[in-house]
Amino acid sequence: MKNIILIIFLFLIYSCGYTSIYKNLGNQNFQINITEMQGDTKMNNLIKKEINLHSNKDSLYIFDVLVKTDYIKKVLVKDNSGTITDYEIYTNSTFTINFEEKIKVITFSETINIKNQTDNFAQDMYEKSIRRNFASSIREKLISEITNIK
């Protein structure tokens, strides 16, 4: 009886038409040229590196993109001695996309609250990891938007 229920369940899921949103991001048929970068250099370089990994250099569809990013690390909480315990890390990325003389402006934001660690090296490594994750998330959103423009 359990096998029959499992088979029916698998059949229903298989035929429901579910597909991942980011399923085909790796094989896109367009090229993204970053014409200018403004704002936070580290975030811009990470975003550029992420975009270059997923840009098809041989494509006929060429998108010229201006990138502007802000990266803000804000103190949220201090303890009684004045030592910082919590931060908010916020990044805002604005992309001005030019495709076939049409211009579209898109903005993406990412935010995370983190605890301050006593080990400065571990804190720096954690923040670098957060930056890379933000860049990857922003790249996925940008490619999804560009796919909709095309």
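The values are calculated or read from the model by the stated rules, or taken from the named source; none is laboratory data. Not measured: the values here are computed from a predicted model. In this analysis, Cβ positions are derived from the backbone assuming ideal geometry, glycine residues included, and neighbour counts consider all displayed protein chains. For the accessible areas, the whole protein counts, side chains as well, though only heavy atoms, and no ligand, DNA or RNA atoms are used. Shrake-Rupley method; radii C 1.70, N 1.55, O 1.52, S 1.80 Å.
Filter segment 40-61 down to the residues that are open to solvent by less than 50 Å² (accessible area, probe 1.4 Å) and modelled with pLDDT of 85 or more and list them by number.
Answer for segment 40-61, where residues must be open to solvent by less than 50 Å² (accessible area, probe 1.4 Å) and modelled with pLDDT of 85 or more: D40, M43, N44, L46, I47, E50, I51.
So which of E140, E127 ends up being touching a helix residue (DSSP H, G or I) at 6+ places or on another chain (Cβ under 9 Å) and modelled with pLDDT of 90 or more?
None of the others qualify; the one that does is E140.
Look at I89 and say whether it is over 17 Å from Q38 (Cα atoms) and part of a strand (DSSP E or B).
The answer is yes for I89.
One line per residue, one yes/no per condition, for (1) β-branched (V, I, T); (2) touching a Phe, Trp or Tyr at 6+ places or on another chain (Cβ under 6 Å):
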{"residue": "D79", "(1), (2)": "no, no"}
{"residue": "S93", "(1), (2)": "no, yes"}
{"residue": "F108", "(1), (2)": "no, no"}
{"residue": "I114", "(1), (2)": "yes, yes"}
{"residue": "D124", "(1), (2)": "no, no"}
{"residue": "E140", "(1), (2)": "no, yes"}
{"residue": "I143", "(1), (2)": "yes, no"}
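Which ones in segment 76-119 are closer than 19 Å to F134 by Cα and among the aromatic types (F, W, Y)?
Scanning segment 76-119 gives Y87, Y90, F95, F108.
If I filter segment 74-84 down to residues being touching an Asp or Glu at 6+ places or on another chain (Cβ under 8 Å) and surrounded by 12 or more Cβ atoms within 10 Å (Cβ to Cβ), which single residue comes out as nearest to L142 (Cα to Cα)?
L76
Looking at (1) polar (S, T, N, Q); (2) outside any helix (DSSP H, G or I); (3) under 22 Å from the mean Cα position of the chain (by Cα), can you tell me which one T118 breaks?
Against the list (1) polar (S, T, N, Q); (2) outside any helix (DSSP H, G or I); (3) under 22 Å from the mean Cα position of the chain (by Cα), T118 comes up short only on (3).
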